[in-house]
């Protein structure tokens, strides 16, 4: 499993790809599933909720929430 920081860092480094895959360029928020490989070689799937926000007069995507597999029922 990954820490929140590791997941956020992964999302930030892949944000353009995620926006394109989800056709979210005109949206203000969206959710998506991400698969991140762990150090053990296993892939871990997370659901992340992103929101467009203005920070310091710049429009940026922020990770609003992370849902781990064990949290789903």
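Read-outs throughout are calculated quantities, based only on the coordinates presented, and are distinct from any laboratory measurement. Owing to the predicted nature of the structure, the values given are computational and were not obtained by experimental measurement.
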Estimated [θ] at 222 nm from DSSP helical runs (n ≥ 4, -39500 (n - 2.57)) normalised by residues in the chain, nearest 500:
-6500 deg cm²/dmol
Among (1) 5.4; (2) 6.3; (3) 4.7, the entry that matches mean projected area of the Cα convex hull in nm² as calculated here:
(1)
With an 8 Å Cα cut-off and a minimum separation of 6 or more residues, compute the relative contact order for the chain in percent.
23 percent
Of 43, 63, 34, which has the largest mean-square fluctuation in a 10 Å C-alpha GNM of the chain?
43
Does anyone have the angle between helix 4-13 and the longest principal axis of the chain? Alpha-carbon axes, 0 to 90°, nearest 10?
60 degrees
